[in-house]
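This report refers to the structure that appears directly beneath it.
Each reported figure results from applying straightforward, stated rules to the coordinates on display, with no laboratory input. Quick caveat: nothing in here was measured; it's all calculated off a predicted structure. Here the Cβ is made from the backbone with ideal geometry for all residues, glycine too, and neighbour counts use every protein chain on show.
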Amino acid sequence: MRESASEVTSPAATGEGEMPEVSAVIPVYNERESLPELHGQLVEVLTRLGRSWEIVYVDDGSTDGSFEQLRELHAASPSGRVVVIRLRANFGQTAALAAGFDRARGTVIVALDADLQNDPADIPRLLAKLEEGYDVVSGWRKRRQDKFLTCRLPSWIANWLIGQVTGVRLHDYGCSLKAYRAEILREVRLYGELHRFIPALAKWVGARIGEIEVSHRPRKFGRSKYGLSRTSRVLLDLLTVKFLLSFSTKPMQMFGRWGLWLGSSGFVLAAYLTYLKFFHGEQLAERPLLLLAVLLMILGLQMVSLGLLGELVIRTYHESQGRPIYRVRETLE
Ligand code: UDP
Ligand code: MG
């Protein structure tokens, strides 16, 4: 377990060098107008927690003066309270979150959006749920304030599909308001747009995942950074996650299975055609079946080779980075 740094600090103060208990991480991309209000609400809620805290803003290459706004908030706050990370360009929400997670020092990390759609007032309930023994607690925007056709319908389908495929059934994968135990986030490496799949990826390292209802507010300032194209990207990411969850430590099991199946059906077809040729003197040149047999055998061979290559790659991956294929929750000695 981690040591708690709280005993010596009064709840409201985190001096320099001390570890806060709670870190709020907020990706910011062109959200200037929302920031002062968000910051005010956050500070109020966090102060009432009675635990030490910090806020980590990650400016994801904003062009609307968000950074200048964050600089002001930082200057106006006691030291150690507000951290502002400015990315060199717009790397996307996942990268911005990852930057914040890497920098956050709290034992508990809460992520939320900068656009005021998430309500900081929900944070205490998220933390309480975490304390019940969960490693990740996800918000569920039950009464979501977005457009039905472009937002809520696709997301409803996506949530159902992701639940089926990953086995982590959440009502609302897309909700950014989530609380994590920091040690879980250290294990989860984010790429592409995988931030939506953190609960599924966390399950991969053995996390216990919970969900609570949170409120959701309409966007007051600025615009959403995403459109309908998000749906197809989520589907592709889902494929990646499924592969990671089920086969990343045994690629040969997946590719090999298909390879054997395709290759052996090709072989059986070819044997049948050979029999026809030698015992019945049939001409094979005109038979599409021959083409299929050859295709299947080649495909099978390729799949098996891909599986073998995959096995090599995962060994390099796990061994070069010292990543075990298991995760220990606790040991009694
Ligand atoms: N965001 C970001 N980089 C991006 C796009 C979005 O940091 O490239 C941030 C954005 O500022 C907001 C959060 O990610 O805090 C969610 O974005 P948005 O509200 O546009 O998504 P939606 O609520 O429409 O799903
Ligand atoms: Mg939003």
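Here are the numbers:
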item	result
Cα-based shape type of region 196-333, given that a ≥ b ≥ c are square roots of the gyration tensor eigenvalues and the cut on a/c is 1.5	oblate
Label-point gap, in nm, between residue 294 and residue 325 - each point 7 angstrom along Cα→Cβ	3.8
Packing-based exposure ordering (other Cβ within 10 Å, fewest first) of 313, 25	313, 25
Phi-based couplings in Hz for region 216-232 (Karplus 6.51, -1.76, 1.60; Gly and Pro marked x)	9, 10, x, 5, 8, 10, x, 10, 5, 8, 10, x, 5, 4, 4, 4, 5
Sum of -39500 (n - 2.57) over DSSP H runs of 4+, divided by residues of the chain (222 nm, nearest 500)	-15000 deg cm²/dmol
Per-residue HN-Hα couplings for region 262-278 [Karplus 6.51, -1.76, 1.60; θ = phi - 60°; Hz; x = Gly/Pro]	5, x, 6, 5, x, 5, 4, 4, 5, 5, 4, 5, 4, 4, 4, 5, 7
Rounded to 10°, Cα long-axis angle of helix 288-320 versus longest principal axis of the chain	40
Residues 197, 255, sorted so that the one with the fewest Cβ neighbours within 10 Å comes first	255, 197
Between region 74-119 and region 253-294, the Cα center-to-center distance that results, in Å	58
Helix 93-103 vs. the chain, principal-axis angle (Cα, 0 to 90°, nearest 10)	60
Inter-probe distance in nm under a simple model that places probes 7 Å from Cα toward Cβ, at residue 333 and residue 225	4.4
Distant-in-sequence amide H partners of residue 82 (H built 1.01 Å from N, under 5 Å)	55
The chain: antiparallel DSSP beta bridges as a percent of all, rounded to 5	25
Nearest-ten-degree value, helix 66-75 long axis tilted from longest Cα axis of the chain	40
Gyration tensor verdict on region 25-110 (Cα atoms; rounded if a/c is under 1.5, prolate if a/b is larger than b/c, oblate otherwise)	oblate
Footprinting exposure proxy for 173, 180 (fewest neighbouring C-beta atoms within 10 Å first)	173, 180
Karplus (6.51, -1.76, 1.60) ³J(HN,Hα), θ = phi - 60°, over region 18-31, in Hz, Gly and Pro reported as x	7, 7, x, 7, 10, 10, 9, 10, 10, x, 10, 10, 6, 10
Cα shape, the chain, gyration tensor, a/c 1.5 rule	prolate
Within-13-Å neighbourhood charge of residue 188 [Cβ basis; K, R +1; D, E -1]	+4
